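Trainee: Take this structure first; my questions come after.
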């Protein structure tokens, strides 16, 4: 699976013009049908139906599902919902409280939190490095009571710093960009 831009038209154009490359061998990816349809749960009970694009490498012949960045691999919930759950857990709430707040099953939320906890130190390190790269004068998060909280704070700090480097981030454009999009 490859994580790609959420703009399906942009991804389709890049796929058809040979701008997407295979992560394994570097050859051009070509269109190759669609993945299985799936229902994704978003915030506030919103349900989205997606059918991700597939591609095939012209070099090594490996196929890849092109998953929009708003989705996480092998998850029924959108990234924003999982992120919100992790933020709530970082405040010290248990998985049952988080699940009740989000309207999700206890087991689902417990799984998110367990998997994130296992990787939380690596995540904290990665986003701390990203924060330093993004901000001229980075404001480092204060140490938190848990590794999970430390990781969530590092992600939030890097997210706040990103618009300093890329002011157009998270904005909607009113027409084609200068690059001809």
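Trainee: Scanning for something surrounded by 15 or more Cβ atoms within 10 Å (Cβ to Cβ), under 15 Å from the mean Cα position of the chain (by Cα) and at pLDDT below 85, does the stretch 74-94 turn up at least one residue?
Mentor: Within the stretch 74-94, one or more residues are surrounded by 15 or more Cβ atoms within 10 Å (Cβ to Cβ), under 15 Å from the mean Cα position of the chain (by Cα) and at pLDDT below 85.
Trainee: Do the conditions hold for residue 14, that is, is it surrounded by 15 or more Cβ atoms within 10 Å (Cβ to Cβ) and in contact with a helix residue (DSSP H, G or I) (Cβ under 8 Å, 6 or more places away or on another chain)?
Mentor: Taking the combined requirement at face value, the residue does not satisfy it.
Trainee: Still on this structure, I have one more. Quick one: would you say residue 3 is touching a residue at least 40 places away in the same chain (Cβ under 8 Å), in a strand (DSSP E or B) and closer than 30 Å to residue 146 by Cβ?
Mentor: Considered against the rule, which asks whether it is touching a residue at least 40 places away in the same chain (Cβ under 8 Å), in a strand (DSSP E or B) and closer than 30 Å to residue 146 by Cβ, residue 3 comes out as yes.
Trainee: Can you tell me which of 52, 68 is without any contact (Cβ under 8 Å) to a residue 40 or more places away in the chain, surrounded by 14 or more Cβ atoms within 10 Å (Cβ to Cβ) and farther than 24 Å from residue 99 by Cβ? Walk me through how you get there before you give the answer.
Mentor: Numbers: 68 fails: without any contact (Cβ under 8 Å) to a residue 40 or more places away in the chain.
After applying the criteria, what remains is 52.
Trainee: Continuing with the same structure: Given the conditions (1) part of a loop (DSSP other than H, G, I, E, B); (2) surrounded by 12 or more Cβ atoms within 10 Å (Cβ to Cβ), and given that residue 23 satisfies all but one, which numbered condition is not satisfied?
Mentor: (2)
Trainee: Same structure again: Filter the stretch 79-94 down to the residues that are in contact with a helix residue (DSSP H, G or I) (Cβ under 7 Å, 6 or more places away or on another chain) and either assigned to a loop (DSSP other than H, G, I, E, B) or under 14 Å from residue 149 (Cα atoms) (or both) and list them by number.
Mentor: 84, 85, 86, 87, 88, 89, 90 - these are the residues of the stretch 79-94 that are in contact with a helix residue (DSSP H, G or I) (Cβ under 7 Å, 6 or more places away or on another chain) and either assigned to a loop (DSSP other than H, G, I, E, B) or under 14 Å from residue 149 (Cα atoms) (or both).
Trainee: Further question on the same structure: Specify the residue that is modelled with the highest pLDDT; the eligible residues are those in the stretch 26-47 that are assigned to a loop (DSSP other than H, G, I, E, B) and in contact with a strand residue (DSSP E or B) (Cβ under 6 Å, 6 or more places away or on another chain).
Mentor: Looking at the filtered set, the residue picked out is 27.
The values are calculated or read from the model by the stated rules, or taken from the named source; none is laboratory data. On a predicted model such as this, the values are computed, not experimentally measured, just so you know. Counting neighbours? That spans all protein chains shown, and the Cβs are built from the backbone with ideal geometry, glycine included.
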